[in-house]
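Where a number appears in this text, it was derived from the coordinates with a stated rule and is not lab data. Just so it is clear, the model here is predicted, and its values are computed rather than measured. Here the Cβ positions follow ideal geometry from the backbone for every residue, glycine too, while neighbour counts run over all protein chains shown.
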Amino acid sequence: MAATLIDTYRPAEYQALPHLDNAFDSFLERSPQHIIEEKMMEVFRKHKVHNELAVCLIHRHFDMGDDEKLVEFGAISTPWVVRDENMMGGSVKPRSWVFKGGKMIPYEFGFNEWGQPAVYKDVPDKPAFYADFNAILEEEGLNDLLGLTLLTERKKEGVVKVEKTFAKANVVFAQPDSWTDDNAKAAVPAQWEYAPGIGDFVVPVKKMLCFSGCFCTRGQI
Ligand SMILES: [Zn+2]
């Protein structure tokens, strides 16, 4: 890993992230779906990172304090005061990154619990991939819209993950795929993973993408 590529967390960067509604409006306006399906897929394929990373819509749901980080533990993300990466017998790891000024800045974290296999692995050592991915973001003017997140679990057949916010807690629920149709107005696609098919990517593009890897909800559900 090029040491200069990964930057440290800064609360001001988190506060600067667009709110979900603004991020989604911007996504609709700039419609980068084809870039996710073509150019980005190509670099995921080239560097073989599809089992470790996914593309995410950069957004936040609420404000946090200067001493807080958004930490996911199980299905729930909440603001934590993290004085040391190692805490409560486990560890807090970066899980999502925004690319700014050629650097990857972590903005969401995950907690690996003591005594359990690590859910959040170290950031993959793929500097050439990050450089290629960042080049696409810069070419397409998408640095403020799309980032990278650790792929901690694959989308399961017929199941969609839906994130809902309660005060300052984001909770991820499993729902049937039909949820997406029934809640089209409230559902914001927030993550895209690249699923290899039979024979290493020899599948039609549509099958390689989970358009509904993860949704966030806005408004009343
Ligand atoms: Zn969200």
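Using only side-chain charges placed at the Cβ, +1 for Lys and Arg and -1 for Asp and Glu, the dipole size of the chain relative to its Cα centre rounds to 340 debye. On full extension, the segment bounded by Ala75 and Asp182 gains 36.3 nm, given 0.36 nm per residue less the C-alpha separation. Within the chain, what's the longest stretch lacking GluC sites (Glu not before Pro) that sit in DSSP loops with no more than 15 other Cβ atoms inside 10 Å? So the longest stretch without any such site is 1-84.
By the Stokes-Einstein formula, at 1.002 mPa s and 20 °C, the chain with its Kirkwood radius over alpha-carbon pairs has D equal to 120 µm²/s. Legend: residue pairs Lys164/Lys185; Lys103/Lys161; Lys161/Lys185; Lys100/Lys168, Cα-Cα distance threshold 18 Å; pairs beyond threshold, Lys103/Lys161; Lys100/Lys168. For the pair Glu68 and Glu85, label points projected 7 Å from Cα toward Cβ lie 2.4 nm apart.
Loop-located chymotrypsin sites (Phe, Trp or Tyr not before Pro) across region 69-142 with a Cβ neighbour count of 14 or fewer within 10 Å are Trp114, with loop assigned by DSSP. Ranking Trp80, Ile58, Ala118 by how far each Cα lies toward the positive end of the dipole of region 11-217 (charges on Cβ) leaves Ala118 at the top. Computed on the chain, with alpha-carbon pairs under 8 angstrom and 6+ residues apart, the relative contact order is 23 percent.
Every helix of 4 or more DSSP H residues in the chain counts as -39500 (n - 2.57), and over all residues that averages to -5500 deg cm²/dmol at 222 nm.
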